[in-house]
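Structure first, then comments.
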Amino acid sequence: MQDFAGAFGLAFGLIASGDADLFEIVGLSMRVSLMALLLSCLIGFPIGALLVVRKFFGRGIVIALVNSMMGFPPVVIGLLIYLVLSRAGPMGWLGLLYSPTAMIIAQTVLIAPIVAALSRQVLEALQAEYDEQFRSLGISRGRAMLALIVDGRYGLVTVALAGFGRAVAEVGAVIIVGGNIEHLTRVMTTAIALETSKGDLGMALALGIILMSIAISVNLGAGALRAIAERQAYA
Amino acid sequence: MPDAAPLMPRKTSDGGSKTPRDRLLPGALRLERLALQVAGRLLVNIEKLTLDPRSVTVIMGPNGAGKSLFLRLVHGLIPPTQGWISWGEVACGEATRSTQAMVFQKPVLLRRSVAANIDFVLRRRAGTKAERRARCDELLTRVGLAGQAQQPARLLSGGEQQRLALARALATRPKVLLLDEPTASLDPASVQMIEQIVLASSAEQTKVIFVTHDVGQARRLAGDVAFLHHGQLVEYGPATAFFANPSSEAAKAYLSGRIVL
Ligand SMILES: Nc1ncnc2c1ncn2[C@@H]1O[C@H](COP(=O)(O)OP(=O)(O)OP(=O)(O)O)[C@@H](O)[C@H]1O
Ligand SMILES: [Mg+2]
């Protein structure tokens, strides 16, 4: 058991020396979360836009459903994905369990509803403004959706950043489907959990500091973007 | 345009044109027993109206008279509670709307450059990129915005935004142009520019319906005038008659600058 100051010393030492294990874990975390984010945006933006332009019957129920999916406990999502991907499960033949791909799937299932629900909120205001003009111009639903996504880009990047923040910080689902295997599926959050329980506080703290920095940069990035958008009157 | 065409049919008391050919023109707006009721309030209530299919029709009336709602109704953006509307022989709906363009009282511009706002509309039609560019330049020059093509549209001044909205409306080469106070925040030179565009469009067979509070402008543009008050059509007829001798108390009061009750 190291003392408090010692742990910090070790942590900064690891970061400063560019420790290979440390940065391998950081790299995998980023790869998995960015990939999950990309997929979530590809799924979530169009769903958000569709919920905004199509006032179909039962739309309220779908929105409530997507909203409540935002609050699903990650461990339960992890468990469900585990069941689907495990050897006896419906997609077991793919052999994806305990691979980065499984983690990407789990994070996508977790993040896509968040991206969809938040982008619907962002695009709703835009749609209220554009709707009559688009109908006057005879813009098709598909083009209207695309135009909303393009014109809502600054708001949507903020949504994506929120999704990314949630993805990198997530531990419950990825530990179940990834298994925290060294050099294969060990990411920042699962490593922190493991190293802490092993008593290697230096490594855990180093990862924690990097994770915190990422979270802070993501927030700063969102703020900077909003400032740019406002300056161009695009907010 | 009032006395320009000797062959034009004489207007009837409601200003409508009687020849069968005129009834087929896309600008021949006809409506009957039109009513729009929202939350128990009767916002628009017009028994019968047939517009001259060629003239510039100016719509006047005090704030809250229902002018903007009237444009939305005849453009098919909001369904009436009651009654029917047709353009030519076609019932008002998506088909008629696609041949029309409307400039809203508050211009709605995309969060893109000035040129991209025009191109958004041009892209619906076929045409090469070069053709679209040329047309875009032509339209922007027409409204005096050629120098600002690459600027974000929402950073334009209020008057410039209105001019861009008009250019975008013209981009679709509409058969009917619905303009809701398009010169409300323009300087005198720009007002003149817009009025010339309106008259030129009208000369090119585009039916124009123009909402304005500016009496001088109405005199310059109008072939016929419809006066709305509390959602009712109080008066409709040739402009010369309307301005020389308005028949309703409300229009008299409005034209002389008194508060219309
Ligand atoms: N969506 C709506 N719901 C309820 N009332 C409405 C709605 N839109 C307009 N109104 C009301 O209908 C009336 C007519 O509105 P409209 O916008 O047509 O007036 P207008 O003649 O264009 O006035 P202005 O000269 O100020 O532009 C107003 O009293 C307004 O409050
Ligand atoms: Mg109005």
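The values are calculated or read from the model by the stated rules, or taken from the named source; none is laboratory data. Owing to the predicted nature of the structure, the values given are computational and were not obtained by experimental measurement. We place every Cβ from the backbone using ideal geometry, glycine too, and count neighbours over all the protein chains shown.
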Are any residues in segment B:103-118 more than 9 Å from every other protein chain (Cβ to nearest Cβ), closer than 20 Å to residue B:197 by Cβ and more than 16 Å from ligand 2 (Cβ to nearest atom), and if so, which ones? B:114, B:115, B:117, B:118
What residue, of A:119, A:197, A:217, A:136, is within 14 Å of chain B (Cβ to nearest Cβ), of a type in the set (Gly, Ala, Ser) and assigned to a helix (DSSP H, G or I)? A:136
Subset of segment B:47-69 [in contact with a strand residue (DSSP E or B) (Cβ under 6 Å, 6 or more places away or on another chain) and either aromatic (Phe, Trp, Tyr) or outside any loop (DSSP other than H, G, I, E, B) (or both)]: B:48, B:49, B:50, B:56, B:57, B:58, B:59, B:60, B:67, B:68, B:69
Give me the pairs, please: first residue somewhere in segment A:221-235 and within 11 Å of chain B (Cβ to nearest Cβ), second residue anywhere and part of a loop (DSSP other than H, G, I, E, B), beta-carbon distance under 6 Å, and either six or more positions apart or on two chains. A:229/A:235; A:234/B:111
Hey, any hits in segment B:139-156 for a residue that's among the small types (Gly, Ala, Ser), over 24 Å from residue B:200 (Cα atoms) and within 12 Å of chain A (Cβ to nearest Cβ)? yes
Within segment B:46-75, count every residue that is within 13 Å of ligand 1 (Cβ to nearest atom) and either small (Gly, Ala, Ser) or within 14 Å of chain A (Cβ to nearest Cβ) (or both). 11
Within segment B:175-184, does at least one residue satisfy the condition of being within 16 Å of ligand 1 (Cβ to nearest atom), in contact (Cβ under 8 Å) with a residue 60 or more places away in the chain, within 14 Å of chain A (Cβ to nearest Cβ) and more than 30 Å from residue B:259 (Cα to Cα)? no
Could you tell me whether any residue of segment B:58-77 is in contact with a Pro (Cβ under 8 Å, 6 or more places away or on another chain), closer than 28 Å to residue B:258 by Cα, surrounded by 22 or more Cβ atoms within 10 Å (Cβ to Cβ) and of a type outside the set (Asp, Glu)? no
Considering segment B:224-246 alone, what residues qualify as being more than 19 Å from the chain's Cα centre (by Cα) and closer than 22 Å to residue B:33 by Cα? B:230
Elements of type helices (runs of 4 or more DSSP H) contained in segment B:79-198, each with 3 or more residues being buried (at least 21 other Cβ atoms within 10 Å of the Cβ): B:114-122, B:129-142, B:158-171
Report, by residue number, each residue of segment A:162-175 that is of a type in the set (A, V, I, L, M, F, W, C), part of a helix (DSSP H, G or I) and under 15 Å from residue A:32 (Cα atoms). A:164, A:167, A:168, A:169, A:173, A:174, A:175
Quick check on residue B:100: is it polar (S, T, N, Q), touching a helix residue (DSSP H, G or I) at 6+ places or on another chain (Cβ under 7 Å) and within 16 Å of ligand 2 (Cβ to nearest atom)? no
What about residue A:144, is it assigned to a helix (DSSP H, G or I) and at pLDDT below 95? no
